[in-house]
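Report on the following structure.
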């Protein structure tokens, strides 16, 4: 691609699968990452940063699978997205990333190195000259493996301006096709970001022949504003995440960046080529797989984003929607609950709604989902979109065969009764029944499961959310557990039911199976997961 081809286009680089997953509690399984990757392709993002391949064999395999499948997904009107793997400025990282992404039609290696005085002195213990040499060597090695190389100046928002110009010019000469100047710690103000990017454009002639990128964090609530300021100053790529998830306070929200550029088209005179009607479906999917609820007043995709309660607002809306609505709900894929499912709904309508919500199920998965729909419809008057997402997620994101299965549960609890749970589970062909007391019915169930599985688990986080409104709503329980003896190795469990005690039991068993799979994986891949600061 040449600068002429890209002069009015903003390339949306989504890092939900890498930076977004670093948000506490937002880790994803390989199947969840694949499904999110598919949906990002449907959304039309230009670049998917799929992960950090050197961190573990599991992450390498996940990035490789996304490169093979999503990196070759050609949808109507869209080329397959570029698939990027993150790498520190180290030979082992870069080679591993290159191997992971090479099956994609458009592979990219994204390598990074700190360039601020604080980071160089305190973290890297390197001189500016040594840092510059290391950056150049990293880009040259990456360029020998793939054509498309991105370099990030970590903590670029606090990097001294003369050194910033020196690094940008040097990595471009070494072969970088995209240069990212991230506000890694969310420190900058929009005017500062604008001035920094404009300074690069005005003083590094070679920067006009590549793509400058912005990657802004939201520590001061300015990630979107800073990203848009960078665009106005000459950035042609914005790195963001769905729902704004990510390290600490998160990243620039993809849906907010995209709809700013679209809604204020005459102001920015830019296009993203994103399909905005897929925004709500993508938001729901990411919220579901990360168990991270979107706040009701979240811009664009929040439940109240298009709600009008004030009498004055309602009067204006009735006369002309443009009085208080700068975009329509339909323009971002918000369909309301126009198609309510029930016990008489057909497979075709159900399958169509699943597709609209971002799910593609195999025939056997479709049958199981349809059976669950019918089962739920016997308990609820109406099955809404969020119920359908919960049903599909329970099936699509199931990771392999479960060792432990819950087959029976009976709980006794009351004001003058010690909570007691009787649980029956299977392990292969073995059937085990046991009972336990607890502080409450959920505690009793968990203790009974522990007795059956002969484990001692520690629950770090327990969360219960209603899927929809009403007394007959399904409850989603998400929890994080570890072995009491190894609390640093945590797994996530998830359960859905109209009975919150059953949802809790299912989540606990789900976590037990996840822990079993993780421990078997770690035996095959004993290396610890690498944790590092990143752009």
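The values are calculated or read from the model by the stated rules, or taken from the named source; none is laboratory data. Every value quoted in this text rests on a predicted model; they were computed, and no experiment measured them. Ideal geometry is used to build each Cβ from the backbone, glycine not excepted, and the neighbour counts take in all protein chains shown.
Looking at the structure I just gave you, is residue 445 buried (at least 22 other Cβ atoms within 10 Å of the Cβ), assigned to a helix (DSSP H, G or I) and either at pLDDT 95 or above or assigned by TED's automatic domain parsing to the domain that holds residue 387 (or both)?
Against the criterion (buried (at least 22 other Cβ atoms within 10 Å of the Cβ), assigned to a helix (DSSP H, G or I) and either at pLDDT 95 or above or assigned by TED's automatic domain parsing to the domain that holds residue 387 (or both)), residue 445 qualifies.
Looking at residue 221, is it over 23 Å from residue 111 (Cα atoms) and surrounded by fewer than 23 Cβ atoms within 10 Å (Cβ to Cβ)?
yes
Test residue 425 against the criterion of being over 21 Å from residue 291 (Cβ atoms) and in contact (Cβ under 8 Å) with a residue 12 or more places away in the chain, and give yes or no.
Spelling it out, residue 425 is indeed over 21 Å from residue 291 (Cβ atoms) and in contact (Cβ under 8 Å) with a residue 12 or more places away in the chain.
Residue 389 is checked against (1) outside any strand (DSSP E or B); (2) buried (at least 20 other Cβ atoms within 10 Å of the Cβ); (3) touching a strand residue (DSSP E or B) at 6+ places or on another chain (Cβ under 8 Å) and fails just one. What number does that condition carry?
(3)
Pairs needed: first member in segment 144-169, free of Cβ contacts under 8 Å to residues at least 24 places away in the same chain; second member anywhere, surrounded by fewer than 24 Cβ atoms within 10 Å (Cβ to Cβ); C-beta distance under 9 Å; at least 6 residues apart or different chains.
144/98; 144/175
Specify which of the listed residues (36, 69) is modelled with pLDDT of 90 or more and surrounded by fewer than 18 Cβ atoms within 10 Å (Cβ to Cβ).
It is 69.
In segment 175-194, is there at least one residue being buried (at least 24 other Cβ atoms within 10 Å of the Cβ) and under 20 Å from residue 40 (Cα atoms)?
no
Any idea how many residues of segment 133-162 are out of contact with any strand residue (DSSP E or B) (no Cβ under 9 Å at 6 or more places or on another chain) and either under 29 Å from residue 219 (Cβ atoms) or outside the structural domain of residue 87 (by TED's automatic domain parsing) (or both)?
Count: 3.
Hey, could you check segment 98-121 for residues that are part of a helix (DSSP H, G or I) and over 18 Å from residue 182 (Cβ atoms) and say which is farthest from the chain's Cα centre (by Cα)?
Among those residues, the one meeting the criterion is 121.
Among the residues of segment 350-372, is any over 27 Å from residue 40 (Cβ atoms), touching a residue at least 24 places away in the same chain (Cβ under 8 Å) and assigned to a helix (DSSP H, G or I)?
no
Yes or no, residue by residue, for (1) in a loop (DSSP other than H, G, I, E, B); (2) more than 19 Å from the chain's Cα centre (by Cα); (3) at positive phi:
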| position | (1), (2), (3) |
| --- | --- |
| 58 | no, no, no |
| 70 | no, no, no |
| 79 | yes, yes, no |
| 95 | no, yes, no |
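Working carefully through the options 471, 487, find the one that is exposed (fewer than 15 other Cβ atoms within 10 Å of the Cβ) and under 28 Å from the mean Cα position of the chain (by Cα).
Only one candidate passes the filter, namely 487.
So for segment 451-460 (the condition being in the same structural domain as residue 515 (by TED's automatic domain parsing), in contact (Cβ under 8 Å) with a residue 12 or more places away in the chain and under 30 Å from residue 380 (Cα atoms)), does at least one residue qualify?
No.
In segment 427-440, which residues are assigned to a strand (DSSP E or B) and modelled with pLDDT of 95 or more?
Within segment 427-440, 431, 432, 433, 434, 435, 436, 437 qualify.
Of the conditions (1) at pLDDT 70 or above; (2) closer than 30 Å to residue 69 by Cβ; (3) in contact with a helix residue (DSSP H, G or I) (Cβ under 8 Å, 6 or more places away or on another chain), residue 326 satisfies every one except a single condition; which number is it?
If we test residue 326 against (1) at pLDDT 70 or above; (2) closer than 30 Å to residue 69 by Cβ; (3) in contact with a helix residue (DSSP H, G or I) (Cβ under 8 Å, 6 or more places away or on another chain), just (2) comes out false.
Residue check: is residue 239 assigned by TED's automatic domain parsing to the domain that holds residue 22 and either within 16 Å of the chain's Cα centre (by Cα) or crowded, with 22+ Cβ neighbours inside 10 Å (or both)?
yes
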